[in-house]
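Shown next, in structure tokens, is the structure this report addresses.
The values are calculated or read from the model by the stated rules, or taken from the named source; none is laboratory data. Note that the structure is predicted; figures quoted are calculated from it, not measured. Here the Cβ positions follow ideal geometry from the backbone for every residue, glycine too, while neighbour counts run over all protein chains shown. Surface accessibility is based on the protein's heavy atoms, side chains included, excluding ligands, DNA and RNA. Shrake-Rupley method; radii C 1.70, N 1.55, O 1.52, S 1.80 Å.
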Amino acid sequence: MTNTASSAIPRVALVTGTTSGIGEAVVKHFCELGYQVLAVDFNPAGETVAQAAGATFFQADLTDPEACRAAVAEANKRFGGVDILVNNAGIQHVSSIEEFPEEKWRQIIDLMLTAPFLLTQAVWPNMRECGWGRVINIASVHAQVASPGKAAYVSAKHGIIGLTKTAALEGGEQGITVNAICPAYVKTPLVDNQIADQAKLNGMEEQEVIEKIMLKNAAVKRLIEPSEVAGMVAFLASDAAGAVTGSSWNIDLGWTAQ
């Protein structure tokens, strides 16, 4: 398969964590662009979401290395390869280090750091053969800074920046770019679920969590829309971003400007 800028063949994207939030928005946007999309999620409800967007669904628990490889194999079988990989799947657990469950630590690291590595490794040969590829890692503002109660999440997101930079150096001469996007709090179920946890951890009302924790360091006092992140993903996946690699793109409402 050859998906160069002049090719008439639709590009193929594999997106993870697609049942809601950022992943759902990315799938929808890619389908609107005419891409062939494999939407990968653990939740079987993702099939309805994918079908509504015009994508193909593949159910997989990406904490299982074999499931990561199976997802790429499915894209290869259906579409002939993967041109664009968006590593978005994630979970959250809010707890102090002292009380943080070891099994939850391992689950978060497996899903949010090991799985992106394995998926990148699996799509690499096709991208190298085609001389064109895009890997886009959805990191977080917590890849740049830390917050209490999020040891595993922050560690995984910091790690994904290291993976992004290393893969960018290895892929540059092969036509493969690798970048990360670092949003602050986005209007997603993942963020909604954090509010109650943060309220309990900090002894606050839920509205206080939004105002005093989530938006405390933001210059723009609102949550981010998933479609805004999807727009940045689409740019980094385009030919226009061919000179952009190894970078971390902050969509953080001004959080890290301080």
- Scan of the stretch 134-175 for residues that are part of a strand (DSSP E or B), in contact with a Gly (Cβ under 8 Å, 6 or more places away or on another chain) and within 17 Å of Ile109 (Cα to Cα), ordered by number: Ile138
- Query: Since Val145 meets every condition but one in (1) under 17 Å from Val233 (Cβ atoms); (2) out of contact with any strand residue (DSSP E or B) (no Cβ under 6 Å at 6 or more places or on another chain); (3) in contact (Cβ under 8 Å) with a residue 60 or more places away in the chain, which condition does it not meet?
  - Reply: (1)
- Query: If you take the residues of the stretch 232-251 that are in contact with a helix residue (DSSP H, G or I) (Cβ under 7 Å, 6 or more places away or on another chain) and part of a helix (DSSP H, G or I), which of them is surrounded by the fewest Cβ atoms within 10 Å (Cβ to Cβ)?
  - Reply: Phe235
- Task: Could you check how many residues of the stretch 84-98 are of a type in the set (Val, Ile, Thr) and touching a Lys or Arg at 6+ places or on another chain (Cβ under 6 Å)?
- Result: 1
- Message: Against the definition (of a type in the set (A, V, I, L, M, F, W, C), over 14 Å from the mean Cα position of the chain (by Cα) and not in a helix (DSSP H, G or I)), how does Val178 come out, yes or no?
- Response: no
- Query: Pro189 passes all but one of (1) open to solvent by 20 Å² or more (accessible area, probe 1.4 Å); (2) assigned by the TED database to the domain that holds Phe100; (3) not acidic (Asp, Glu); which number fails?
  - Reply: (2)
- Starting from the stretch 91-111, take each residue that is more than 10 Å from Ala156 (Cβ to Cβ) and list its partners that are open to solvent by 30 Å² or more (accessible area, probe 1.4 Å) and among the acidic types (Asp, Glu), counting only C-beta distances under 7 angstrom and pairs at least six apart or across chains. Val94/Asp197
- Message: Scan the stretch 141-154 and tell me whether some residue there is under 16 Å from the mean Cα position of the chain (by Cα), open to solvent by less than 10 Å² (accessible area, probe 1.4 Å) and among the polar types (S, T, N, Q).
- Response: no
- Message: Looking at the structure I just gave you, is Gln174 assigned by the TED database to the domain that holds Val82, of a type in the set (S, T, N, Q), open to solvent by 40 Å² or more (accessible area, probe 1.4 Å) and over 18 Å from Ala237 (Cα atoms)?
- Response: no
- In the stretch 100-129, what count of residues is obtained for those that are under 10 Å from Val82 (Cα atoms) and of a type in the set (A, V, I, L, M, F, W, C)? 4
